[in-house]
Structure formats: C-alpha cells, structure tokens
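Trainee: Quick one: the structure is below, questions incoming.
The values are calculated or read from the model by the stated rules, or taken from the named source; none is laboratory data. Predicted, not measured: the structure shown is a model, and the values here were computed from it. Positions of Cβ are backbone-derived with ideal geometry, glycine not excepted, and every protein chain shown enters the neighbour counts.
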Amino acid sequence: MGQVDSSPRPADAAGGDQRVPKYERVREALRERFSSAPPGTLVPSEAELCQIHGVSRITVRRAVEDLIAERILDRHHGRGTFVAESGQRLPAPPESIDLTGFHRQKSSEGHRVTSRVLVLEAFAAPFDIAAALGLPERARVVRLDRLRSVDGSVDHLTREWLDAGRYADLLGQDFTDQSLYTYLSSRHGLVPARNEVTVSVQRAIGDDARLLGLPEGTLRLATRTTTYDDHGRPQIHGRNIYADEAALTRFSVLARNHRP
C-alpha cells in the first residue's frame, strides 16, 4: 500500500472546512497557536502568514485584528504584533459599528488609510437619495465617491450623499487622507448618534468591479447606511461594496428598553 501524504496544504493550515470563511479558519489557527504562547512572543509578519496559510493579506489582517480585539495579540506600531499579556485578555467584544467613521477607526488601530476620490460634486438628488436624507425630491446634494484602501490594499468602494444646503463646503475639501466624519464634527458640530445599516450580497459589475479589481459579476458584501445626528435627523447616506470575500460588517442589537 502507498503511504498517505499527511503534509499540510494551505487550506488545511487555516482549518480545512471550506464552508467556514477563510479569515475565521486563519483566526482559529492563530488562536490555537498563540493563546498559550508566552507574552511578548513575536507573531510572523502579514506576508509570512499569507504564505503559511495560503490566503490574501486582507484575510490575514482580518483574522489578526479579531485577535487584537480579544487582546490575545497586541500590535505595537512600527515594531510588529506580539502575544499580549495574559492579564489583558478579554472575551470577544460584542459586534459593533464605530460611529467615529472608517478612517478614524482604522487609524486608531495603527493602520494607514488612504482614499482615491472618484467623485466630489453637487447635483439634484434622485428620489431614493432624497428620501433617505429626508429632503424634497430633486434637492441639491453633495456626492462623494471614494475607493478606500488600508495599508495599501483596496478595502471597499463607498458612495456618500449629504445635503448640499448644509454641506456645500465639502466641495472645496480633499478627502484623500482626511476623515469625512472628523471634518463634519469639527466644521459643522455633527454628533453621529445612530446608524441604520442594511447588509446584502450583490454582484460587482461595471466600474465597481474594475475599481475593486474583481471579475465582472463577483458576489461581494454590500451595505447601505444612513447616519443620524443627535436630534434624529439623517445627515449622511452611504452605499459600500467590499473587495475581500471575507469582509463583514459588525453591529450590535439592543432591546429598546436597554440602557447601556
């Protein structure tokens, strides 16, 4: 009889079950490897983890960030990622959306966020956009389209609309390296209080597929979001489609009578 080849293959290294998202398989493999490792142990670089597990850099990054959120790992900007002190480790946090905005959230985690501004103009809003923002049909809105990247890798394509009557000054801004939420907070005093999110899977077609570097018709996670201020008024309506097959959106659900 021939000998069975038991050497690990790239998919097996990340957990084996192809029904489980790749980033989850990588995350659990890393959890098993580093949960009991001595604090301060250096984690291999993203490039090395990509090679070990046979997955993309975005998939590795997502897996590592989950373990950083659980405080199993700890990132030191400019030095690398290490096994965290055992006393710092917590159970996995609840799923949540950060209302400070994508740029600020990722930057605070030590990532470099850049945007390629595709559209920044004012025009008459279509019915669905005007309705989402609580504006009369054909009201003037500012549209901002950006291709967002994290540490040099394309993350998602976003389109956002705002009331041009209030936010016309956006047209003179450069949002290549600037947070929209930070600008609106500092310039207009916007306090985001609620974000309504619709999550779906859609096919990337036309310019969306080209910009994300995907084959025409590829299925990807997509979201629609409407951000409300602290007076309950809609301020930003956005639509996003993500580049990575393992992308997900995190959120929490609270009972109406819950007081956090």
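Trainee: Determine which single condition T41 fails, assuming it passes every other condition in (1) over 24 Å from V83 (Cα atoms); (2) at pLDDT 90 or above.
Mentor: (1)
Trainee: Within the stretch 47-64, take every residue that is surrounded by fewer than 16 Cβ atoms within 10 Å (Cβ to Cβ) and under 20 Å from R79 (Cβ atoms) and give me the one that is nearest to the chain's Cα centre (by Cα).
Mentor: First, pick out the residues of the stretch 47-64 that are surrounded by fewer than 16 Cβ atoms within 10 Å (Cβ to Cβ): 47-48, 51.
Next, only the ones that are under 20 Å from R79 (Cβ atoms) stay: 47-48.
Details: A47: 20, E48: 23 Å.
Restricting to residues being surrounded by fewer than 16 Cβ atoms within 10 Å (Cβ to Cβ) and under 20 Å from R79 (Cβ atoms), the top hit is A47.
Trainee: Which one is surrounded by the most Cβ atoms within 10 Å (Cβ to Cβ) among residues in the stretch 197-247 that are free of Cβ contacts under 8 Å to residues at least 12 places away in the same chain and within 19 Å of I58 (Cβ to Cβ)?
Mentor: Applying the filter and picking the extreme gives A209.
Trainee: Any chance the stretch 107-120 includes a residue that's in contact with a Pro (Cβ under 7 Å, 6 or more places away or on another chain), modelled with pLDDT of 80 or more and crowded, with 18+ Cβ neighbours inside 10 Å?
Mentor: If we filter the stretch 107-120 for residues that are in contact with a Pro (Cβ under 7 Å, 6 or more places away or on another chain), which is where we start, we get none.
No, the stretch 107-120 contains no residue that is in contact with a Pro (Cβ under 7 Å, 6 or more places away or on another chain), modelled with pLDDT of 80 or more and crowded, with 18+ Cβ neighbours inside 10 Å.
Trainee: Could you grab me the full set of residues in the stretch 72-86 that are of a type in the set (K, R) and within 23 Å of the chain's Cα centre (by Cα)? Give the steps one after another, and end with the answer.
Mentor: Within the stretch 72-86, the subset of a type in the set (K, R) is 75, 79.
Answer for the stretch 72-86, where residues must be of a type in the set (K, R) and within 23 Å of the chain's Cα centre (by Cα): just R75.
Trainee: Further question on the same structure: Is one or more of the residues making up the stretch 162-170 in the same structural domain as L221 (by TED's automatic domain parsing), part of a helix (DSSP H, G or I), in contact (Cβ under 8 Å) with a residue 12 or more places away in the chain and among the charged types (D, E, K, R)?
Mentor: Of all residues in the stretch 162-170, those in the same structural domain as L221 (by TED's automatic domain parsing) come to 162-170.
With part of a helix (DSSP H, G or I) added as a condition, the list becomes 164-170.
Imposing the further condition that a residue be in contact (Cβ under 8 Å) with a residue 12 or more places away in the chain reduces the set to 164-170.
In the following step, the residues that additionally are among the charged types (D, E, K, R) were identified as 166, 169.
The answer is yes, given that some residue of the stretch 162-170 is in the same structural domain as L221 (by TED's automatic domain parsing), part of a helix (DSSP H, G or I), in contact (Cβ under 8 Å) with a residue 12 or more places away in the chain and among the charged types (D, E, K, R).
Trainee: May I pose another question? If I ask for residues that are in a helix (DSSP H, G or I) and over 18 Å from P21 (Cβ atoms), which ones from the stretch 69-90 would you list? Reasoning before the result, please.
Mentor: Of the residues in the stretch 69-90, the ones in a helix (DSSP H, G or I) are 69, 86-88.
Answer for the stretch 69-90, where residues must be in a helix (DSSP H, G or I) and over 18 Å from P21 (Cβ atoms): S86, G87, Q88.
Trainee: Moving on. Quick check on my filter: what residues within the stretch 221-260 are of a type outside the set (D, E, K, R), at pLDDT 75 or above and more than 30 Å from V55 (Cα to Cα)?
Mentor: Hits for the stretch 221-260 are T226, T227, Y228, H231, G232, P234, Q235, I236, H237.
Trainee: In the stretch 130-152, what residues are surrounded by 15 or more Cβ atoms within 10 Å (Cβ to Cβ), within 30 Å of I58 (Cα to Cα) and small (G, A, S)?
Mentor: Matches in the stretch 130-152: S149 only.
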